[in-house]
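Where a number appears in this text, it was derived from the coordinates with a stated rule and is not lab data. Being a predicted model, the structure only gives us computed values, none of them experimental. Here the Cβ positions follow ideal geometry from the backbone for every residue, glycine too, while neighbour counts run over all protein chains shown.
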């Protein structure tokens, strides 16, 4: 054995060095945080995710804090997670994700959010299976899957659509009519033609196609761009409206097709009713987004059922306005929230979801998260970030924690 | 089994001077870098007390941390690591070709050893792994000593403590070679081992079919690399509407990689047993 | 006596084992090998004569068949003590030498008397030279 | 008995062995004779499993070589098989490490017999010393067969004599020896059987003593006859 001392020594060195590092050395001192309920119903804080950075020593580490605890991205990052999370986050929202959890095989191959309609009763998915030729408008074949969550029965049929096979942006069911909102993007055209393909679910045939917005050409340096706002409603009664946004923008530098910088000239929202087919403009107020934005002011919108909500917020206050698409009733800046109401010093971030406003606030000590219902401004939940292990407070300083944004777990609000 | 261990020892024994050289280079470069950075910083402090020192966030004004030292010696700290990676990378080829080169043609004796020839393949692989992991461990064991050196050079009142993951994260090369979580460590070195095995089999292909073998070997290595790299995209990872879910795709890719790995090893054994030529 | 074994000059056309047997016969005929004298083993002979071990083996078997040597059990082989065998060896060797001589001289067509005188003088010279060189050499008639 | 049956071997497009069949008996010394490039070395390498064959098969005492075979058959190529950095005693310990059939006592005798210095490095040995060393490695193993490739080529006279002594010594007794050489004249009396190979084919295979007995021809004569035609 004496002869083999070199190999044995190197072998031991190899094993000891690496194992000591990974079992002892790699314990860093990044503190573990947790969101704790102070007031209100704990289940409201269930899906809250606060994210930001914690500046330990040399550089700050990105982390996310939830009820369960905190997760440092840098520490968790590895090849497997990198590949799995390669799927764009805006493909999958929380509702679709939870549905996939329950019915993995039903949703197989059908995991692109905008093409799905989910509620307690059913899951409907529309997808082009044969786009014949996108350029010559000869239409294509849509495959519609209708899955009844109650009975577990699945129906799938194909319908021939004689209209341009555009990209599917939203799926809505009103009675026996399935409305599939599509975009027709022509090359170098910034504003798309938006149209609604209606399919009769009982006859399983194409019924008609209604136009929601024209695809406007560029004129000089000014161009139009348009988009639709998907409804967050999950269990609300079916909403007959869809929101269309049409902007006018001016090219400041660069050119369309390459990368370019543009400035917003005007923005106008329209509410289109699937039932009546009318397209009514919302008050101009909601369109003047550039007035909402400055280096300290931000805004956030949400379409929930028939309610279109807008919050303008900065460090000092968050002002909410709502417009009811069906009753055309408007409540402009009817709610103003200030940090002091929650014992905080400033507002960091605010989002609106399901007719509730979620606020992330900074205090002299640990940051605070609040949930307020927009109907009646009742405080539903107030939670604060604490150290999971109290003794961490000795070595770490809470002011190193800089939270940036508040979110509903898995659900990314784009807007 | 005993014969395999003896073969491993022989391979390690033949690498001993190179290992000594690498360890020496790592020690000298890194200690040199640390001393030069620290002495420059300290001399600035001695000269004009008003110099308020390092401005880095979260570190109390004017204090020095070992993490800061490592992040400022970035290049010279990484050079010896790059040298080691290059040397070991070349040695993956040389560990085989030395048997055919020069007057010795030791391959005759190796092929005439009683007992399965796969032991030669495994012994050379084990040796490479021992070299890689002992160098990584050596680097890991060197860091505390370098911290000691830091503590000796910098007076206590200017020092602030630092944590190992941050120290390692401060240097790009260290961060790559010593990932923060064990799973990433296994993934990185797992892929490394797979690459070595594929190269081994490529070499044996060349050694079995000589001139045409070079083509076979290259095709084999490139083929495997393409499969391993493009399989995720091939299976539609990240595309909307793909049939397989991301975790299923990743599982499949890992499965295929393991399969490629096993195939390479078995193919290598078969080449060694039947097709290799002196 | 011992160092002579390796000075044997073999030709490569006659079977080597027969050349070995012949060499033994010469040694016996010239008295260098006495009756009953122990001879080297097969292996030693092969080594000394630098011949193939199997050939040495064959030579010993041939000599045993011709009763030149005797081997009891695994004790070393010895030259035979049988006088009759020894004598036949001598006459055989002389006969062979004379045949060869006559074969080659015949072509020259020399009268028999002249030939005999020449042989006698040549033989006498050879004998003097040899007795001069090794003193006490036994003179055989 | 080493049985080679209808063995074919190609190197690229060139046919090196073209249906070679012959046998080498245990306990006999068989010499493989042929001009350079006739395929002698390739044949020895093929028997030792050091190079693949493309047809036919080779059996040693009825079985294919297999990995345990290397305890039963030794090979002495015409060049070193150990790294130049090794010393002779290290090489001997290496053999002891890996071969059950290694006979250290006999190896040391051979060391003395060949007059080799055990601490000498293989790298700076003369060609003659290297040949004696390689032979020592081969003979140091208790094997049934021993193959030698050109044991004498380019070797000084004294080393050559020492090596020929081995052929007629007890070291060889009972073993099958198959070797190749160009020094036919010197080795004539040491071989039992000669196998003439030309362009990858066995053109004649004969027992030397029998040919001397029946045809009165030396191996050289047979060679001249065969290679002339």
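Structure data summary
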{"quantity": "Residue with peak Gaussian network fluctuation, chain B [Cα springs, cutoff 10 Å], from B:84, B:264, B:137", "calculated": "B:137"}
{"quantity": "Relative contact order for chain B, counting Cα pairs under 8 Å that sit 6 or more residues apart, in percent", "calculated": "23"}
{"quantity": "Value of relative contact order over chain A, rounded to a whole percent, pairs C-alpha under 8 Å and six or more apart", "calculated": "14"}
{"quantity": "Residue order, fewest to most surrounding Cβ atoms within 10 angstrom, among C:71, A:301", "calculated": "C:71, A:301"}
{"quantity": "Shielding score for B:230-239, defined as the mean number of other chain Cβ atoms within 10 Å", "calculated": "2"}
{"quantity": "For A:396, A:333, order by how many other beta-carbon atoms lie within 10 Å, fewest first", "calculated": "A:333, A:396"}
{"quantity": "Largest-first principal axis extents, alpha carbons of the range B:181-278, Å", "calculated": "52, 29, 16"}
{"quantity": "Whole-Å distance, taken between Cα centres, linking the range A:26-70 and the range D:147-209", "calculated": "85"}
{"quantity": "Cα gyration tensor shape of chain C, rounded if a/c is under 1.5, else prolate or oblate by comparing a/b with b/c", "calculated": "prolate"}
{"quantity": "Cα Rg over Rh - the range D:164-229, Kirkwood", "calculated": "0.97"}
{"quantity": "Unit Cα scatterers, Debye sum, the range D:1-149: log10 I(q)/I(0) for q = 0.08, 0.16, 0.19, 0.21 Å⁻¹", "calculated": "-0.25, -0.92, -1.17, -1.30"}
{"quantity": "Area projected by the alpha carbon convex hull of the range A:166-305, averaged over all directions, nm²", "calculated": "10.0"}
{"quantity": "Choice from D:175, D:204, D:212 showing the highest fluctuation, given a GNM over chain D with Cα pairs closer than 10 Å", "calculated": "D:212"}
{"quantity": "Theoretical ellipticity at 222 nm over chain D - DSSP helices of four or more residues, -39500 (n - 2.57) apiece, nearest 500", "calculated": "-9500 deg cm²/dmol"}
{"quantity": "Kirkwood hydrodynamic radius over Cα pairs of chain A, then Stokes diffusion coefficient at 37 °C and 0.692 mPa s, in µm²/s", "calculated": "134"}
{"quantity": "The protein assembly as shown: C-alpha pair distances exceeding 47 Å, %", "calculated": "58"}
{"quantity": "Modelled FRET efficiency - R0 35 Å, residue A:219 with residue A:132, Cβ distances, 0.05 increments", "calculated": "0.65"}
{"quantity": "Kirkwood Rh in Å, taken over all unlike Cα pairs in the range D:94-229", "calculated": "16.5"}
{"quantity": "10 Å Cβ neighbours from other chains, averaged over peptide D:210-220", "calculated": "3"}
{"quantity": "Against the rule of thumb 2.2 N^0.38 Å, how large the Cα Rg of the range B:1-178 comes out", "calculated": "1.38"}
{"quantity": "Residue C:66-residue C:102 FRET efficiency (beta carbon distance; Förster radius 22 Å; 0.05 resolution)", "calculated": "0.35"}
{"quantity": "DSSP bridge pairs, chain D: antiparallel proportion in percent, nearest 5", "calculated": "55"}
{"quantity": "Between helix A:5-20 and chain A: long-axis angle, C-alpha atoms, 0 to 90°, nearest 10", "calculated": "60"}
{"quantity": "Relative contact order (%) - criterion: Cα under 8 Å, at least six apart; region: the range D:2-228", "calculated": "28"}
{"quantity": "Shielding score for C:53-62, defined as the mean number of other chain Cβ atoms within 10 Å", "calculated": "3"}
{"quantity": "Peptides A:377-387, A:95-105 ordered by average Cβ neighbours within 10 Å, highest first", "calculated": "A:377-387, A:95-105"}
{"quantity": "Over chain A: helical MRE at 222 nm, DSSP H runs n ≥ 4 each giving -39500 (n - 2.57), nearest 500", "calculated": "-2500 deg cm²/dmol"}
{"quantity": "GNM result for chain A, Cα springs below 10 Å: residue of A:327, A:51, A:225 fluctuating most strongly", "calculated": "A:327"}
{"quantity": "Nearest-ten-degree value, helix D:88-98 long axis tilted from longest Cα axis of chain D", "calculated": "70"}
{"quantity": "Rounded tilt (10° steps) of B:182-234 against the dominant C-alpha axis of chain B", "calculated": "40"}
{"quantity": "Sorted peptide list for D:82-95, B:250-263, criterion being average Cβ within 10 angstrom, highest first", "calculated": "D:82-95, B:250-263"}
{"quantity": "Residue order, fewest to most surrounding Cβ atoms within 10 angstrom, among A:402, C:78", "calculated": "A:402, C:78"}
